[in-house]
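Peer 1: Following this message is one structure expressed as structure tokens.
The values are calculated or read from the model by the stated rules, or taken from the named source; none is laboratory data. Remember, predicted model here, so these are calculated numbers, not experimental data. Cβ placement follows ideal geometry from the backbone for every residue including glycine, while neighbour counts extend to all protein chains displayed. Accessible surface areas use protein heavy atoms only, side chains included; no ligands, DNA or RNA. Shrake-Rupley method; radii C 1.70, N 1.55, O 1.52, S 1.80 Å.
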Amino acid sequence: MFFFGRRLQKATVSAVCVGTIVLAFLMACGAVLQYVNNWAPANNHKPYETILYTWLGTDTGHLTFHTFDGSSAPLLAEAGFLLDPLSSIWLLFVTGVGMLIHIYSTGYMAHEGGYYRFFGYLNLFMFSMLTLILANNYVLMFVGWEGVGLCSYLLIGFYFHRKSASDAANKAFIVNRIGDAGFILGMFFIAWYMGSLRYIDVTAAARSGHFAIGDPIITAATLLLFVGACGKSAQLPLYIWLPDAMEGPTPVSALIHAATMVTAGVYMVARSNALFVLAPASMKTVAIVGALTAIFAASIGLVQNDIKRVLAYSTVSQLGYMFLALGVGAFAAGVFHVLLMLFLRLCCSSERDR
């Protein structure tokens, strides 16, 4: 769409880009139904995992690295996908919300320039978000993680002729790079200490009983992962990019703030729950930061006059509640609150730019 969209009529761009997301939503519904009705009951409710190929490293064992205990582990990352109850929830509401926002955008952006470019960014965002959700390992999750970061930069700065929009896009990009540095270091710790970055392997190792509660290396790894979550999900002190992200078109605000990109940090912490349970200090940190963010952002939102900034600080506050729930071990409650925020944001984010 980026290369030939300029030559297409808007109706064609809409049919291709919106039709792709509608198809993705229908396929997501079908996949989740098959998992719930067929795979899960027949396989003791285990996750469904499929591996396409090895895209980083080699599966022949020729590339290895030394782990914490001195043993050798293969250096590889697979292009693999995993479906379980957690990813099913995110899969349905990301594709569902994305579909609604794409449909809404056809009318909202009908008289704007760069129509094809806007929908190209939206489609790339959805691709990256689905990669993040369905990945079966931390490395592939990080690919999607960086993809949504790039798309947020492009979408927030869509009106690039406005200095405020370009400044907001730059702020979002730079602040998220700080969080991403923590995420990368956390992945290095996990790979070095556990010998794998596949979710199933890491979870099995964490629940094997071989690691003590409060293990300092696991604590360091989870704290670094939480730094990445703070950047993506706008927690203290990395919340400053989200209010300015309202400079993008209203559909962008809905897509980023409704329940997609900003909940990526919540998803990552929930996905890593087996590690966080072994690190009480990390969970306490998550809970404290979440509680402080919830109160701090809500107090700022009380004195805002711009409805879009009120919504932005409200979003930051609600994300704080999610991390508070995750930090006290109520992982199901934290994920459930994502859905509550989703409906609230969808009701409010349709306010048109003034």
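Peer 1: May I ask you to list the residues in the stretch 169-184 that are open to solvent by 50 Å² or more (accessible area, probe 1.4 Å) and in contact with a Leu (Cβ under 7 Å, 6 or more places away or on another chain)?
Peer 2: Within the stretch 169-184, 178 is the sole residue that qualifies.
Peer 1: Scan the stretch 74-102 for residues that are of a type in the set (A, V, I, L, M), open to solvent by less than 60 Å² (accessible area, probe 1.4 Å) and touching a strand residue (DSSP E or B) at 6+ places or on another chain (Cβ under 6 Å) and jot them down.
Peer 2: If the condition is that a residue be of a type in the set (A, V, I, L, M), open to solvent by less than 60 Å² (accessible area, probe 1.4 Å) and touching a strand residue (DSSP E or B) at 6+ places or on another chain (Cβ under 6 Å), then 76, 77, 79, 82, 83 are the ones that fit.
Peer 1: Which of the numbered conditions does residue 104 fail, given that it passes all the others? Conditions: (1) more than 25 Å from residue 143 (Cβ to Cβ); (2) free of Cβ contacts under 8 Å to residues at least 24 places away in the same chain.
Peer 2: Every condition holds for residue 104 apart from (2).
Conditions tested, residue by residue: (1) closer than 17 Å to residue 282 by Cα; (2) of a type outside the set (Ser, Thr, Tyr); (3) surrounded by 24 or more Cβ atoms within 10 Å (Cβ to Cβ).
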position	(1), (2), (3)
186	yes, yes, yes
206	yes, yes, no
209	no, yes, no
215	yes, yes, no
227	yes, yes, no
240	no, yes, no
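Peer 1: If you don't mind, there's one more thing I want to ask. Before we move on, is residue 321 in a helix (DSSP H, G or I), over 15 Å from residue 225 (Cβ atoms), among the aromatic types (Phe, Trp, Tyr) and open to solvent by less than 30 Å² (accessible area, probe 1.4 Å)?
Peer 2: When the stated conditions are applied, residue 321 does not pass them.
Peer 1: Please work out if residue 38 is in a helix (DSSP H, G or I) and polar (S, T, N, Q).
Peer 2: yes
Peer 1: Quick check: is even one residue across the stretch 141-152 of a type in the set (S, T, N, Q) and over 24 Å from residue 127 (Cα atoms)?
Peer 2: Within the stretch 141-152, none of the residues are of a type in the set (S, T, N, Q) and over 24 Å from residue 127 (Cα atoms).
Peer 1: Residues being on the phi < 0 side of the Ramachandran plot, open to solvent by 20 Å² or more (accessible area, probe 1.4 Å) and out of contact with any helix residue (DSSP H, G or I) (no Cβ under 6 Å at 6 or more places or on another chain): count how many of those fall in the stretch 107-128.
Peer 2: 7
Peer 1: Any idea which residue in the stretch 301-318 is modelled with the lowest pLDDT, counting only those that are open to solvent by less than 20 Å² (accessible area, probe 1.4 Å) and among the β-branched types (Val, Ile, Thr)?
Peer 2: Only one residue tops the list, namely 315.
Peer 1: Restricting the first residue to the stretch 25-52 and requiring it to be within 28 Å of residue 100 (Cα to Cα), which pairs with a second residue that is open to solvent by 90 Å² or more (accessible area, probe 1.4 Å) meet a Cβ separation below 6 Å and a spacing of at least six or different chains?
Peer 2: Short answer, once both residue conditions are applied: 35/48.
Peer 1: Right, next: So residue 272 passes all but one of these: (1) buried (at least 24 other Cβ atoms within 10 Å of the Cβ); (2) in contact with a Cys (Cβ under 8 Å, 6 or more places away or on another chain). Which condition number does it fail?
Peer 2: Result: residue 272 fails condition (2) only.
Peer 1: Please count how many residues of the stretch 41-50 are open to solvent by less than 80 Å² (accessible area, probe 1.4 Å) and either in a strand (DSSP E or B) or under 16 Å from residue 87 (Cα atoms) (or both).
Peer 2: 3
Peer 1: Condition test on residue 87, is it in contact with a helix residue (DSSP H, G or I) (Cβ under 7 Å, 6 or more places away or on another chain) and small (Gly, Ala, Ser)?
Peer 2: The answer is yes for residue 87.
Peer 1: Please identify the pairs in which a residue from the stretch 271-298 that is over 24 Å from residue 137 (Cα atoms) has its Cβ atom under 7 Å from the Cβ atom of a residue that is aliphatic (A, V, I, L, M) and outside any helix (DSSP H, G or I), counting only partners at least 6 apart or on another chain.
Peer 2: Here the result reads 287/328; 289/236; 292/236; 293/236; 296/236, each pair linking the stretch 271-298 to a residue that is aliphatic (A, V, I, L, M) and outside any helix (DSSP H, G or I).
Peer 1: Just give me the residues in the stretch 288-343 being hydroxyl-bearing (Ser, Thr, Tyr) and under 18 Å from the mean Cα position of the chain (by Cα), in sequence order.
Peer 2: Correct list: 315, 317, 321.
Peer 1: How many of the residues in the stretch 287-318 are of a type in the set (A, V, I, L, M) and not in a helix (DSSP H, G or I)?
Peer 2: Looking only at that region, the number is 2.
Peer 1: Quick one: would you say residue 68 is touching a residue at least 12 places away in the same chain (Cβ under 8 Å), more than 28 Å from the chain's Cα centre (by Cα) and open to solvent by 50 Å² or more (accessible area, probe 1.4 Å)?
Peer 2: yes
Peer 1: Checking residue 35 against (1) over 30 Å from residue 11 (Cβ atoms); (2) modelled with pLDDT under 90, which single condition isn't satisfied?
Peer 2: Answer for residue 35: the failing condition is (2).
Peer 1: Oh, and also: Regarding the stretch 74-88, can at least one residue be identified that is without any contact (Cβ under 8 Å) to a residue 40 or more places away in the chain and more than 28 Å from the chain's Cα centre (by Cα)?
Peer 2: No, the stretch 74-88 contains no residue that is without any contact (Cβ under 8 Å) to a residue 40 or more places away in the chain and more than 28 Å from the chain's Cα centre (by Cα).
Peer 1: Among the residues of the stretch 129-168, what is the count of those that are open to solvent by 10 Å² or more (accessible area, probe 1.4 Å) and under 20 Å from the mean Cα position of the chain (by Cα)?
Peer 2: So the answer is 13.
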